[in-house]
1. Of Thr348, Thr337, which residue is of a type in the set (Val, Ile, Thr) and free of Cβ contacts under 8 Å to residues at least 40 places away in the same chain?
2. Look through the range 428-449, keep the residues that are away from the ligand (no atom under 16 Å from the Cβ) and within 16 Å of the chain's Cα centre (by Cα), and return whichever of them is surrounded by the fewest Cβ atoms within 10 Å (Cβ to Cβ).
3. Would the range 359-366 turn up any residue that is assigned to a helix (DSSP H, G or I), without any contact (Cβ under 8 Å) to a residue 60 or more places away in the chain, within 16 Å of the ligand (Cβ to nearest atom) and more than 16 Å from Ala309 (Cβ to Cβ)?
4. Select from the range 179-205 the residues that are in a helix (DSSP H, G or I) and either open to solvent by 10 Å² or more (accessible area, probe 1.4 Å) or hydroxyl-bearing (Ser, Thr, Tyr) (or both) and write down the one among them that is nearest to Arg34 (Cα to Cα).
5. Is it the case that Leu72 is buried (at least 24 other Cβ atoms within 10 Å of the Cβ) and closer than 30 Å to Asp327 by Cα?
6. Are any of the residues in the range 88-111 within 17 Å of the chain's Cα centre (by Cα) and part of a strand (DSSP E or B)?
7. Taking only the range 224-254 into account, find how many residues are of a type in the set (Gly, Ala, Ser), closer than 30 Å to Arg201 by Cβ and either open to solvent by 60 Å² or more (accessible area, probe 1.4 Å) or part of a loop (DSSP other than H, G, I, E, B) (or both).
8. Looking at the range 132-178, which of the residues that are open to solvent by 10 Å² or more (accessible area, probe 1.4 Å) and closer than 15 Å to Met423 by Cβ is nearest to the ligand (Cβ to nearest atom)?
Amino acid sequence: MMAEAWRLTAHEAHERLRARELSSVELTRSVLERIEAVEPKVNAYITRTPELALEQAREADARFASGTATPLTGIPVAVKDLIVTKGVRTTAGSRILENFIPPYDSHVYEQLRRAGAVMVGKANMDEFAMGSSTEHSAYGVSHNPWNLDLVPGGSSGGSAAAVAAGEALVSLGSDTGGSIRQPASLTGMVGFDPTYGRVSRFGIVAFGSSLDQVGPIGRDVEDVATMLDCISGHDPRDSTSNPEPLPDLRAYLGQDVRGMKIGVPREYFIAGMEPGVKDRIDEALKLFEELGCEVDTSLSLPSTEHALAVYYIIAPSEASANLARYDGVKYGFSDRTGASMWENMEQTRAGGFGNEVKRRIMLGTYALSAGYYDAYYLKAQKVRTVINREFQAAFEKYDVIVTPTSPTVAFPIGAKVDDPFAMYLNDVYTLPASVAGLPGLSLPCGLSEGLPVGLQIIGNFFDEGRILRAAYAFESALGWSNRLPDLA
Ligand code: GLN
């Protein structure tokens, strides 16, 4: 058995599995041992599933023997804990679901299983995906493998930290306003938030239903392409799942980018961006030019600054409706010490939800209440349309839009947790594409003060292929992929 198999990318592991130089059981054991060794420091998982993983690994080895393996067969994967998995506890990072054992599988987990992937655990996250640091998890904060005193980002911080720390080869996260891209950026990984509707939300614990989308985190562009290919596709169980056929994404990898038109919106270069981040982005733009792309920094998307306000009306409004189901009656945590049904419900929600979730429910309930609906919710939906139109006008001229992913590198645990607005500002660069429903990928473009900086590539609806083409060319030219921090 090869030493430190957990260091491989999924495609490297696949080559070895196919050549029968490595078995999935050996690979999975290597990852499980790595989890044992570093998990006390990282806390990437809420629930670990080692027995299940070894069982799935044995099945995977049988598929290699019988010739029915796929690129993900036998690959250890971390699954964000809002992705419903039959028989495996799914908490969404909340106390209110601490004992919820789902009786069914989500579409994305079904797809992973169909491909023969191996699930090693359910990844930590901010409660109901509300946050940018995993500090809002009811199961403790995850630590950034690059520096354990720092956050890994969020809300999919556990999914990103697991891949960066060698506790999984790839993972699934979810993105409502930046929750795949920002943690990928802060941990030096590649994260892809696909077009809204590309991936079924069936079996995903809902936060903001018009924004939520599942997507992959991996150590290089090829791995996220493989993962996206596996999980996407039409699913009649989600009425917003798009029937648009998925092209062969891997065909875009290695395609020439000469002549590609890249727009760089000036509104993204704001005060508050760290100088080290700006330097890496400037260098990245030069590299795209060297690759033969036409980089235009005169693009203006004037409504960019309103995306944050729009998002923090729409997402909490949808959350307040979605979270009404947690009443202590149907499933999950239940406090029955009250004198009446109403008291029980009140106590269940008071004890089951954390502060950030309560804040969002209050914001959303207020924005949707009679008399305020037009002033807030309806207005936000109108501005959302304006943001969308500006992007559409830009895509008449440009193939992709390139921006930083986050204004800062990873920040210290505790630095922003008591200041909700400072926390919300983490997502200024990821929220506009989310509000518009556009696909966006983050990939590393270097280090600032020893910490990874992420570059965001935004594409038009269902144009994931072009994003991957640009990302793969950039990654190859920079020579940065699968760089794992030294956790010692
Ligand atoms: N940080 C943003 C929020 O707290 C986005 C989270 C997400 O994408 N799930 O809402």
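The values are calculated or read from the model by the stated rules, or taken from the named source; none is laboratory data. In this text, all values refer to a predicted model and were calculated from it rather than measured experimentally. Cβ: placed from backbone, ideal geometry, glycine included. Neighbour counts: every protein chain shown. Just the protein is used for accessible areas: all its heavy atoms, side chains included, with ligands, DNA and RNA removed. Shrake-Rupley method; radii C 1.70, N 1.55, O 1.52, S 1.80 Å.
1. Selected residue: Thr337, the only one of Thr348, Thr337 that is of a type in the set (Val, Ile, Thr) and free of Cβ contacts under 8 Å to residues at least 40 places away in the same chain.
2. Among residues in the range 428-449 that are away from the ligand (no atom under 16 Å from the Cβ) and within 16 Å of the chain's Cα centre (by Cα), the one surrounded by the fewest Cβ atoms within 10 Å (Cβ to Cβ) is Pro444.
3. yes
4. Checking each candidate, the answer is Thr187.
5. No.
6. Checked the range 88-111: no residue is within 17 Å of the chain's Cα centre (by Cα) and part of a strand (DSSP E or B).
7. Residues in the range 224-254 being of a type in the set (Gly, Ala, Ser), closer than 30 Å to Arg201 by Cβ and either open to solvent by 60 Å² or more (accessible area, probe 1.4 Å) or part of a loop (DSSP other than H, G, I, E, B) (or both): 4 in total.
8. His136
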